[in-house]
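The values are calculated or read from the model by the stated rules, or taken from the named source; none is laboratory data. The model shown is predicted, which means the values in this text are computed figures rather than measured ones. Note: ideal-geometry Cβ built from the backbone for every residue, glycine included; neighbour counts use all protein chains shown. Surface accessibility is based on the protein's heavy atoms, side chains included, excluding ligands, DNA and RNA. Shrake-Rupley method; radii C 1.70, N 1.55, O 1.52, S 1.80 Å.
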Amino acid sequence: RLVYGGGGVGLMGACARAAHEAGGDVLGVIPQFLTGRERALDVVKTIVVRSMHERKQIMFERSDAFVVLPGGIGTLEEVIELLSWRRLELHRKPVVFYSPDGFWNPLFELLAHTVAARLTPEDFLTSYAVAETVEDILPTIQQRLAHGDDDEAPRAASRVT
């Protein structure tokens with residue numbers, strides 16, 4: 001199942017269409033104010049919500065793992081919040097960055113910098129994984145699940161609010 005941001009344009013739309021055309025179950029979650037700009041796909045089930053916060057909450061609740069594709073400021077905002085929730089022990093779901101040609105390396109360097117500055121604990125750097133090829137994404141998620149990344153054992157709150 002693919003749970004995604006609900007848009008029908010760009011990489012988000014291409015992934016949703018491909019998953020749908022391959023017979024996958026696809027759920028889009030999009031705020032009302034973006035339905036025109038991001039053109040929600042009418043061929044997949046889509047939940048229209050009031051805010052970005054509600055969108056992220058529903059996507060989080062309905063996902064078992066997260067794959068972070070190359071993206072811009074919106075992707076950065078979402079993944080930083082997701083990693084922050086992980087750091088706060090609000091979830092243990094796998095987070096996998098798809099980083100072709102080192103796309104996410106500057107972010108990883110920044111995160112390592114915060115560790116070196118002793119602002120972030122060192123074990124934070126193990127809270128996510130990196131896949132450099134599309135073929136590596138699912139095996140990386142499966143490996144993380146096999147080593148204890150899942151939401152069955154949250155160490156703090158079981159619901160992110």
Percent carbon-and-sulfur accessible area, the chain, ignoring ligands, DNA and RNA, probe 1.4 Å: 54
With angles folded into 0 to 90 degrees, how steeply does helix 10-21 sit against the dominant principal axis of the chain? Use alpha carbons for both and round to 10. 70
Determine the order of D25, D64, D150 by accessible area, beginning with the largest, at a probe radius of 1.4 Å. D64, D25, D150
Could you state the accessible area per residue of the chain in Å², with a 1.4 Å probe and every protein chain left in place? 58
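Using heavy-atom solvent-accessible surface (probe 1.4 Å) with all chains present, what is the largest-first order of W85, W104?
On the way: W85 30, W104 10 Å².
Ranked from most to least accessible, the order is W85, W104.
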How far is helix 52-61 tilted off the main Cα axis of the chain, in degrees rounded to 10, range 0 to 90? 70
Roughly how many Å² of V68 are accessible to a 1.4 Å probe, to the nearest 10? 10
Once you mark the GluC sites (Glu not before Pro) that are in a DSSP loop and have at most 16 other Cβ atoms within 10 Å, what is the longest gap between them in the chain? 1-88
